[in-house]
1. Report yes if B:Ala143 is away from DNA strand C (no atom under 13 Å from the Cβ), small (Gly, Ala, Ser), without any contact (Cβ under 8 Å) to a residue 12 or more places away in the chain and within 30 Å of A:Arg163 (Cα to Cα), otherwise no.
2. Being of a type in the set (Ser, Thr, Tyr) and exposed (fewer than 15 other Cβ atoms within 10 Å of the Cβ) is the filter here; which residues of the stretch B:51-87 pass it?
3. I'd like to check something: does the stretch B:51-72 contain any residue that is in a loop (DSSP other than H, G, I, E, B), of a type outside the set (A, V, I, L, M, F, W, C) and more than 12 Å from DNA strand D (Cβ to nearest atom)?
4. Residues B:Ala134, B:Ala114, B:Ala105, B:Ala123: which one is surrounded by 15 or more Cβ atoms within 10 Å (Cβ to Cβ), more than 16 Å from A:Arg33 (Cα to Cα) and within 16 Å of the chain's Cα centre (by Cα)?
5. Which pairs do you get when a residue that is more than 8 Å from chain A (Cβ to nearest Cβ), found in the stretch B:16-42, comes within reach of a residue that is modelled with pLDDT of 90 or more, reach meaning Cβ atoms under 7 angstrom, with the pair 6+ apart or on two chains?
6. Please find, among A:Ala97, A:Ala114, A:Ala79, the residue that is modelled with pLDDT under 95 and either within 9 Å of DNA strand C (Cβ to nearest atom) or within 14 Å of chain B (Cβ to nearest Cβ) (or both).
7. Of the residues A:Asp136, A:Asp108, which single one is within 13 Å of chain B (Cβ to nearest Cβ) and acidic (Asp, Glu)?
8. Tell me which residues, restricted to the stretch A:77-104, are hydrophobic (A, V, I, L, M, F, W, C) and in contact with a helix residue (DSSP H, G or I) (Cβ under 6 Å, 6 or more places away or on another chain).
2 protein chains.
Amino acid sequence: MSDSDHSRRSATLVPMPPRPTNERRQAWYAAVRAHGALTEVMEQRLDAATGMPLGWYDVLVNLYLAPGHALRMSELADAVLMSRSWLTRRVDQLERAGLVERCSAGDDGRGVRARLTREGKRAYLKLERVHSSAIDSHFVPCATPAEAEVIERVMNRVAAIARRELGRPE
Amino acid sequence: MSDSDHSRRSATLVPMPPRPTNERRQAWYAAVRAHGALTEVMEQRLDAATGMPLGWYDVLVNLYLAPGHALRMSELADAVLMSRSWLTRRVDQLERAGLVERCSAGDDGRGVRARLTREGKRAYLKLERVHSSAIDSHFVPCATPAEAEVIERVMNRVAAIARRELGRPE
DNA sequence: CCTAAGTAGTTGCTAGTGGAAACAACATCA
DNA sequence: TGATGTTGTTTCCACTAGCAACTACTTAGG
């Protein structure tokens, strides 16, 4: 009853497209639910297989892909879209875990570079393996190549528009 | 370079599909990025327009759609997939904001029902309007009805498989 | 050279989150 | 009636993340 209230409201108050809008919204809701559920699966699997949290993944990926497996602290902070103090503390954690080490940034005396240790590289590869295999078992079988292409195209458009509004068009 | 390492590894170690797997993964990455960016836009807009955080949305939706705009605390906690202590505190916040009130659950003396106040209903409608309009402006124009249908279908499959693994098949 | 201004990174402080476990009030069943 | 289970709250704890202050360094301008 309140549900039909809701659709009626949408149909009468939103002027632009009368019908298909509301139906297309359902696609976004489905994407949100899928994201939430698969993220939770990912967290469980990563924790079970490696003991590492999903939150470490971003930092490790960026370091692994960087030349020399190292980045300046501020570059790394920008790459993961987080504040400097956030990054300082996350690198503290990774350093305590033996996955990352800090070293000086050569010419600039105040710079610090975070670099993956040998263990850090191994940890990243393990994380990446679990991460990919979760996608392979939970997402890939749900989409044909053609469907995946549609999703990739649409979602890239969505991200581009949203990032433009957020002031980082890239 | 390390990226090609990665594809090579996937191609050799994963037995099932040799090529399209890695390409279909890109679709999931795009969906994750889109989800993150649009969620951030949503938070900004909700805060600007209503001063309320996105975290309130789930609870208010569930209350609004419930008969009498009210639910038992434990039903509400189950509906939003959170713990009871979490729900207690969130309802505390909403009560302090005047959007929700607690009342007794009639027959069961230990039960508590959370119910939307008149202000709570108005707040929900405002939140819903901003929420929907963000989707209408950032997602709907990015997808044709046919594309939206593909996304909805695939993402529903993904969510179903993930929820099954999480032990709540629904 | 020396000072002023700016930048890189860290740290203290604060507010907030969320789970686990203990708890009080009540229900149900023997 | 007592034993057991349930409901919701509370306490405690660990963790998160931003802001602002701070140190150490660089760069620009006199």
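The values are calculated or read from the model by the stated rules, or taken from the named source; none is laboratory data. Computed from a predicted model, the values in this text were never measured in an experiment. As a convention, Cβ positions derive from the backbone with ideal geometry for all residues, glycine included, and neighbour counts pool all protein chains shown.
1. Values: away from DNA strand C (no atom under 13 Å from the Cβ): yes; small (Gly, Ala, Ser): yes; without any contact (Cβ under 8 Å) to a residue 12 or more places away in the chain: yes; within 30 Å of A:Arg163 (Cα to Cα): yes.
Considered against the rule, which asks whether it is away from DNA strand C (no atom under 13 Å from the Cβ), small (Gly, Ala, Ser), without any contact (Cβ under 8 Å) to a residue 12 or more places away in the chain and within 30 Å of A:Arg163 (Cα to Cα), B:Ala143 comes out as yes.
2. Going through the stretch B:51-87, the residues of a type in the set (Ser, Thr, Tyr) turn out to be B:57, B:64, B:74, B:83, B:85.
Across the stretch B:51-87, the qualifying residues are B:Ser74, B:Ser83, B:Ser85.
3. yes
4. Working: B:Ala114 fails: within 16 Å of the chain's Cα centre (by Cα); B:Ala105 fails: within 16 Å of the chain's Cα centre (by Cα); B:Ala123 fails: within 16 Å of the chain's Cα centre (by Cα).
It is B:Ala134.
5. Listed by first residue and then by second, the contacts come to B:Met42/B:Leu54; B:Met42/B:His131; B:Met42/B:Ala134.
6. Working: A:Ala97 fails: either within 9 Å of DNA strand C (Cβ to nearest atom) or within 14 Å of chain B (Cβ to nearest Cβ) (or both); A:Ala114 fails: modelled with pLDDT under 95.
The conditions single out A:Ala79.
7. On the way: A:Asp108 fails: within 13 Å of chain B (Cβ to nearest Cβ).
Exactly one of A:Asp136, A:Asp108 is within 13 Å of chain B (Cβ to nearest Cβ) and acidic (Asp, Glu), namely A:Asp136.
8. We begin by selecting, within the stretch A:77-104, every residue hydrophobic (A, V, I, L, M, F, W, C); these are A:77, A:79-82, A:86-87, A:91, A:94, A:97, A:99-100, A:103.
A:Ala77, A:Ala79, A:Val80, A:Leu87, A:Leu99, A:Val100 - these are the residues of the stretch A:77-104 that are hydrophobic (A, V, I, L, M, F, W, C) and in contact with a helix residue (DSSP H, G or I) (Cβ under 6 Å, 6 or more places away or on another chain).
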